[in-house]
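Encoded as C-alpha cells, the structure appears first; notes follow it.
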Amino acid sequence: MQNRLQELIQIGLKKECSHQASQIDEMEEGKDYKSLFEKAKKKVNELIQDRESLLAISENMPSAVKVHTHRQIFVNMFTLLFCMLSFLLGFTVLLRQLNSLEEERADLASQCEELRLRLQQQRENAQERSTASLRATDSSVQTDPENAERTLRQNIGRLLVTHVPELDLGQVNFECNVIDEILEQFLPSVESSS
C-alpha cells in the first residue's frame, strides 16, 4: 500500500514538472492564452482528484505513513500553487505587453491614415497646380502667336549678328519679315562655304 502511495506521489510530481515545462514552452511559443488557462484549470482539477484518491488510500494506513503522505500532498500542492502563480505572473506580463502593442499598433494606424490623407492632399494640390500652369501656358501660346513669332525673329537676329557684324539689331523691325529676308540671303553663303 505504501509503495502504491509513493508511486502515485511520484507520478503526480512528474506530471507537475512536465506540465510546468509545457506551460513555459507554450508561453514562449506565444499560443492562445485562453487555452493555456483552460489547460491549467484542467491540471488543477486532476491534481485535486489525485489528492482525493490519495486521501482515500491514506485513511487505511497507519498514522506514521499518513503524516508522511500528508507532507507529500502538502509539498505537491505547494509546488502546484507555485507553478500556478508563476504561470499567472507570466500571463499577466504577456497580457500587459499585448495591451501595449495593441495601443502602439492603434497609434501607428492613425499616423499611417493621417500620412495617407496628407499624401493624397499633396497629390491633389500638385495636380491642380500642374493643370493651372498648363492652362496658363496654353492660353498664352494660343492668345499671342504674334509674340512668339516676334521672339523667334529676335533670337534669329542675335544669331545672325555673330556672323554678320554690320547688322544693327536696333534698326531692325521684328514685326515684319525683314529678318526673314536677311536670313534667306545669309544661308546660301554659309552653304557654299561648307
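The values are calculated or read from the model by the stated rules, or taken from the named source; none is laboratory data. All values derive from a computational prediction rather than experimental measurement. Don't worry about glycine lacking a Cβ; one is built from the backbone with ideal geometry, like all the others, and counts go over all protein chains shown.
Key figures
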| item | result |
| --- | --- |
| Test: residue in the range 97-109 that is under 30 Å from Arg51 (Cα atoms) and without any contact (Cβ under 8 Å) to a residue 24 or more places away in the chain | no |
| Residue within the range 30-50 that is at pLDDT below 65 and out of contact with any Leu (no Cβ under 7 Å at 6 or more places or on another chain) present | yes |
